[in-house]
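Okay, structure first, notes after.
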Amino acid sequence: MTTNTEQQDAAVADRNILAHSAYSDGRHLTARQSIYYWQQPQYDLPGIVVHELTDTKGTVLDIGCGNGKFVSRLHKDRPDLLTVGTDISAGILTDVDKPVLVADAQVLPFADDTADAVLALHMLYHVTDIPATVQELARVLRPGGICVASTNSATDKGELDELWQRAAGDVLGVPEGPARVSLSSRFSLEKAPEFLGDAFSDIRVRELPGTIEVTDPAPVVAHLASYEAWAEQCGVPFQETVARARDLVTADIAANGSFTITCLGGILACRP
């Protein structure tokens, strides 16, 4: 019997959902990224990636580049590099700095030893076959090159998980509703070194802990609403649950002065 978690995991890697709903444009991804505006300490993630590529010359492939946040920074700070963005969704690539290419990360349209650096930033949890995709990243990487990956911990934003279950429970009339869809659970910060270790022998992990504190429910609501592409897998009326979550956050802010979210992400620098 297929569990709700298994259904959610399958949906997170569903190519049709990814290309035509979740990332058909940059709207949902931007909403998820925007909550970090309220995080302390602040991390300049594109700047960290640029730093990891200090000694890199030649070609950089940003696999699953999304709305081009990292591509744009590399074009600005490292114009000497040939940076190519790829994504499974043609729609989200519309406004990304060229050159870009629609491509499946599991079957990259590049020859062996093409790139001097490969980026896989918050995207490996979206591929159906994670080990095969890691091998693809290694295949297109030249000897001596670097692969930079990123993801979130299994404990990341636990307060939002609790909020969702409270809201879902209220909507369904039960003490606790079903868990919300987790994007990073298939390739969490805890699991990532083992996956990457199948193709890379030198893996350096940099954890990026932080705290988000908001005094307005809007950023939290926008973040939860950005999971709309997976509404079917939530096991609860999606819009009603988002609305109830807004009420709960508003009440928490009124009672406590703010709503706090604990974050833990990380960047992994990998070499063969």
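Laboratory data are not the source of any read-out in this text; all were calculated from the coordinates shown. Treat the numbers as computed from the prediction; the structure is a model and nothing was measured. Methodologically, a virtual Cβ is constructed for each residue, glycine included, from the backbone with ideal geometry; neighbour enumeration extends over all protein chains shown.
May I ask you to compute the full-extension gain from residue 54 to residue 94, defined as 0.36 nm times their residue separation minus their alpha-carbon distance, rounded to one decimal in nm?
Once the chain is fully extended between residue 54 and residue 94, it gains 11.6 nm.
Among DSSP beta bridges lying fully in the chain, give the percent that are antiparallel, nearest 5.
Approximately 55 percent, going by the DSSP bridge assignments.
Straight-line reach only, C-alpha to C-alpha below 17 angstrom: list the lysines that residue 76 could link to, leaving out same-chain residues fewer than 8 apart.
Reachable lysines: 57, 98.
Calculate the FRET efficiency for residue 254 and residue 4 from the Cβ-Cβ distance with a Förster distance of 45 Å, rounded to the nearest 0.05.
Computed FRET efficiency for residue 254 and residue 4: 0.90.
If I take R0 = 45 Å and measure r between the Cβ atoms of residue 101 and residue 174 in this structure, what FRET efficiency does the formula 1/(1 + (r/R0)^6) give, to the nearest 0.05?
0.45
How large is the helix-only mean residue ellipticity at 222 nm for the chain, computed as the sum of -39500 (n - 2.57) over DSSP H runs with n ≥ 4, divided by its residue count, in deg cm²/dmol to the nearest 500?
-10000 deg cm²/dmol
Beyond 18 Å, what share of the Cα-Cα pairs of region 168-272 is found? Please give it as a whole percent.
Distances greater than 18 Å cover 62 percent of the Cα pairs.
Can you give the direction-averaged projected area of the convex hull of the alpha-carbon atoms in the chain, in nm²?
14.1
At 20 °C and a viscosity of 1.002 mPa s, what translational diffusion coefficient does Stokes-Einstein give for region 29-94, taking Rh as the Kirkwood radius over Cα pairs? Give it in µm²/s as a whole number.
166
For region 186-204 and region 135-162, compute the distance between their C-alpha centroids and round to whole Å.
Region 186-204 and region 135-162 have Cα centres spaced 8 Å from each other.
Under 8 Å for C-alpha pairs, at least 6 residues apart: give me the relative contact order for region 147-207, rounded to a whole percent.
34
Would you mind ranking 202, 87 by Cβ crowding within 10 Å, fewest neighbours first?
202, 87
For region 17-145, what is the convex hull volume of its Cα atoms per residue in Å³?
Considering the Cα atoms of region 17-145, their hull volume per residue is 110 Å³.
How high is the relative contact order of the chain, in percent, counting Cα pairs under 8 Å that sit 6 or more residues apart?
23
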